[in-house]
1. Name the residues in region 1-12 that are open to solvent by 50 Å² or more (accessible area, probe 1.4 Å) and either touching a residue at least 24 places away in the same chain (Cβ under 8 Å) or of a type in the set (G, A, S) (or both), would you?
2. Under 6 Å between Cβ atoms, at least 6 apart or on separate chains: pull out the pairs that start in region 87-111 with a residue that is farther than 22 Å from G13 by Cβ and open to solvent by 20 Å² or more (accessible area, probe 1.4 Å) and end on any residue that is among the hydrophobic types (A, V, I, L, M, F, W, C) and in a loop (DSSP other than H, G, I, E, B).
3. Keeping to region 19-38, report how many residues are touching a residue at least 24 places away in the same chain (Cβ under 8 Å) and not β-branched (V, I, T).
4. Give the number of residues within region 20-66 that are open to solvent by 60 Å² or more (accessible area, probe 1.4 Å), over 13 Å from the mean Cα position of the chain (by Cα) and either of a type in the set (S, T, N, Q) or under 19 Å from P98 (Cβ atoms) (or both).
Amino acid sequence: MSDIKITIIDREGVKHEVDAPTDMSMNIMEVVRAYELAPEGTIGICGGMAMCASCQCYVHNADEVDVPEMNPDEEAMLWEALNVKDNSRLGCQIAIVPEIEGLIIELAPAE
């Protein structure tokens, strides 16, 4: 089992450095849920299908970490979402892979 370190800033501004497994096909949204860093029912409402933006997060260090490019479904969902910033991404679309070791994200406000 190979874990990477990710920093997640919850909606109250508290930083959590978590271990995320790279061998379980997880994504950021699932890690947030696993560590219970957002109240139940406020993140991943669509189940990770890029259809609700409840897992929107702000990527703080995209220039330091190899975050994958945004796909058209994610871009379309963010176009309709609230609280969108230039560094917004959907957590369900960022896979837990070794390339994102050290990623720092902040959960967007619940819509």
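1. Of everything in region 1-12, those that are open to solvent by 50 Å² or more (accessible area, probe 1.4 Å) and either touching a residue at least 24 places away in the same chain (Cβ under 8 Å) or of a type in the set (G, A, S) (or both) turn out to be S2, K5, R11.
2. If the second residue must be among the hydrophobic types (A, V, I, L, M, F, W, C) and in a loop (DSSP other than H, G, I, E, B), the pairs left are Q93/A50.
3. Counting residues in region 19-38 that are touching a residue at least 24 places away in the same chain (Cβ under 8 Å) and not β-branched (V, I, T) gives 11.
4. 6
The values are calculated or read from the model by the stated rules, or taken from the named source; none is laboratory data. Only a predicted model underlies this, so the values are computations on that prediction, with no experimental measurement involved. Note that we place each Cβ from the backbone using ideal geometry, even for glycine, and neighbour counts take in every protein chain shown. When the accessible area is computed, the model is the full protein with side chains, heavy atoms only, and any ligands, DNA or RNA have been set aside. Shrake-Rupley method; radii C 1.70, N 1.55, O 1.52, S 1.80 Å.
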